[in-house]
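Q: First, the structure itself, so that you have it in front of you.
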Ligand code: FES
Ligand SMILES: [Fe+2]
């Protein structure tokens, strides 16, 4: 590598993309699309994570001006279904109207400010009624009733309709944007919508499990722990025999959309011990299955999952490539959503500040199971709270092996946040390629903070 060519060095050996193309499957073009450019190598200041002033700028310039997902459409199946979404000091009330349209409003009464509905709750209502003095609005936000209206001649129906928050849907998700002048959601989704169109349409999925845990760090540090596979070597060493890491591919598709792909069923380049394909398959805990001559552990594991998950879900997976069946394919949609279009690793993440403490984050971890096209919607399961000290492996419905991996990821965060505060060095130093998504993330934050 020439020193004047930063960002072009790669881990020796087959990259995730080479492995996927060598699998012999036709894969969606999107899966092997490439987009990387060197973005700089300056340190990322720790003040961005710990400073209340920086956090306040995000609360003013970022969160109220960006599209963020609040729930699935099936959370609001019927007229009157509502839920509240909080991020930092902001609170939004999302409601399905009698006309079946989904609307959103700042979650605050126009009389004396009381939240119309409690934070992070959901329910069903026939009107939106404030719990303090009983002012009420229709599900569509029109002023309905003011007790002792004779005392409020200055209150008109027109001026006291609930202000609106923009709402759009995509892939079965409901998104809001508090900026009345916001560009359409499609602009923010950009290449993500192109990639997910068709086979990866997340509208054809349903939530099978939703866990929520408070993480003791800034929302960005929490998000960043899931944007690179560089940490697998140290943090998830148990996976090195059967999972790629240093050979993962990273792509920056737009200012709002990035991706990594790391392969499962192939060893890490760090793992140098000889092993047969049968040994790899056994370590993947695909028990009692033999790898026939000339086949790979990866292809045999994918074949088994195709049959097993196909039978469980009723979806024909015959065309799904080994990569889609097995790999960790993770898109990041700025600011705080990760989407995995894969079949056996079908996660969705969300990271958002809790209250006005820069060091508290709520992590939503959801699994979206494939369902046959046209499957009617049903209410999704409620989020299960996982206590700070509780293992993900103990959460009901969670795969224990995967739970241990999430424990490893989240166990680093408190120590990292303490280190941010104790450091004599002013910021974190990023790898040019493997940590490029983190750099893009910060550059996009700066784009928002720089707007008037
Ligand atoms: S604060 Fe809402 S009715 Fe008074
Ligand atoms: Fe991890």
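What follows draws every value from the coordinates through simple rules; no lab data is involved. These numbers were taken from a predicted model, which means no experiment stands behind them. Reconstructed Cβ throughout: ideal geometry from the backbone, glycine too, with neighbour counts over all protein chains shown.
Q: Find how many whole Å separate the alpha carbon centroid of region 414-452 from the alpha carbon centroid of region 225-240.
A: 19 Å
Q: Using per-residue counts of other Cβ atoms within 10 Å, averaged over each peptide, order 287-293, 436-442 from highest down.
A: 436-442, 287-293
Q: Hey, what angle do you get for helix 400-422 against the long axis of the chain, alpha-carbon based, 0 to 90 degrees rounded to 10?
A: Tilt relative to the chain: about 70 degrees.
Q: Over all directions, what mean area does the Cα convex hull of the chain project, stated in square nanometres?
A: 23.9 nm²
Q: Could I ask something else about it? Any chance you could give the angle, 0 to 90 degrees and rounded to 10, that helix 436-449 forms with the longest Cα principal axis of the chain?
A: The angle comes out at about 20 degrees.
Q: Still on this structure, I have one more. Taking every pair of alpha-carbon atoms in region 68-171, give the share separated by more than 20 Å as a whole percent.
A: Distances greater than 20 Å cover 34 percent of the Cα pairs.
Q: Using only C-alpha positions, report the orientation-averaged shadow area of the convex hull of region 267-380, nm², one decimal.
A: For region 267-380, averaging the hull's shadow over all directions gives 10.9 nm².
Q: Can you tell me, using C-alpha contacts under 8 Å and at least 6 residues apart, the relative contact order of region 28-125 as a whole percent?
A: After rounding, I find 20 percent.
Q: Still on this structure: Set the Förster radius R0 to 22 Å, insert the Cβ-Cβ distance between residue 98 and residue 255 as r into 1/(1 + (r/R0)^6), and round the FRET efficiency to 0.05.
A: 0.05
Q: Any idea what % of Cα-Cα pairs in region 319-370 are farther than 14 Å?
A: 57 percent
Q: At a 10 Å Cβ-Cβ cut-off, how would you order 82, 219, fewest neighbours first?
A: 82, 219
Q: For region 91-219, calculate the relative contact order in percent as a whole number, restricting contacts to Cα pairs under 8 Å that are 6 or more residues apart.
A: Relative contact order comes out at 17 percent.
Q: Can you pull the one-decimal nm distance between simple spin-label points at residue 407 and residue 157, each 7 Å off the Cα toward Cβ?
A: 6.0 nm
Q: Between residue 38 and residue 149, with labels modelled 7 Å along Cα→Cβ, what's the label distance in nm to one decimal, could you check?
A: 6.9 nm
Q: Under the 0.36 nm per residue contour assumption, what length would be gained going from the current alpha-carbon distance of residue 119 and residue 132 to full extension?
A: 3.1 nm
Q: Also: Mind grabbing the base-10 log of I(q)/I(0) for region 388-448 at q = 0.12, 0.16, 0.25 Å⁻¹? Debye formula, identical points on the C-alpha positions, no solvent, two decimal places.
A: Normalising to I(0) and taking log10 leaves -0.50, -0.78, -1.00.
Q: Expressed in nm to one decimal, what extension gain is obtained for the pair residue 235 and residue 418 from 0.36 nm per residue of sequence separation less their Cα-Cα distance?
A: Taking residue 235 through residue 418 to full extension adds about 64.1 nm, to one decimal.
Q: When the helices in the chain are scored as -39500 (n - 2.57) per DSSP H run of 4 or longer and the sum is shared across all residues, what 222 nm value do you end up with, to the nearest 500 deg cm²/dmol?
A: -6500 deg cm²/dmol
Q: At a threshold of 8 angstrom on Cα-Cα distance, excluding pairs fewer than six apart, so keeping six or more, what relative contact order does the chain reach in percent?
A: Once normalised by length, the contact order is 22 percent.
Q: A further question on this structure: Can you grab the distance from the C-alpha centre of region 325-360 to the C-alpha centre of region 43-103, Å, no decimals?
A: 15 Å
Q: How far apart, in nanometres, would the label points at residue 272 and residue 426 be if each is projected 7 angstrom from Cα along the Cα-to-Cβ direction?
A: Roughly 3.9 nm, to one decimal.
Q: Quick one: if the Förster radius is 41 Å, what FRET efficiency do residue 316 and residue 140 give, using the C-beta to C-beta distance and rounding to 0.05?
A: FRET efficiency, residue 316 to residue 140: 0.50.
Q: Determine the shape class of region 1-73: with a ≥ b ≥ c the square roots of the Cα gyration tensor eigenvalues, call it rounded for a/c under 1.5, and otherwise prolate if a/b is greater than b/c, oblate otherwise.
A: The shape class here is oblate.
Q: Which whole-number value in Å³ per residue fits the convex hull of the alpha carbons of region 337-452?
A: 200 Å³
Q: Can you tell me what share of the DSSP beta bridges in the chain is antiparallel? A percent to the nearest 5 is fine.
A: 95 percent
Q: OK, next. Using the alpha-carbon atoms, what tilt in degrees (0 to 90, nearest 10) does helix 297-313 show relative to the longest principal axis of the chain?
A: 40 degrees
Q: If you don't mind, another one. Using the Cα atoms of region 191-313, I'd like the radius of gyration and the largest Cα-Cα distance, Dmax, both in angstrom.
A: Using the Cα atoms of region 191-313, the pair Rg, Dmax is 17.4, 50 Å.
Q: I would also like to ask the following. Name the residues of region 390-432 whose amide N is less than 15 Å from a point 7 angstrom out from the Cα of residue 357 along the C-beta direction?
A: 414-415, 417-418
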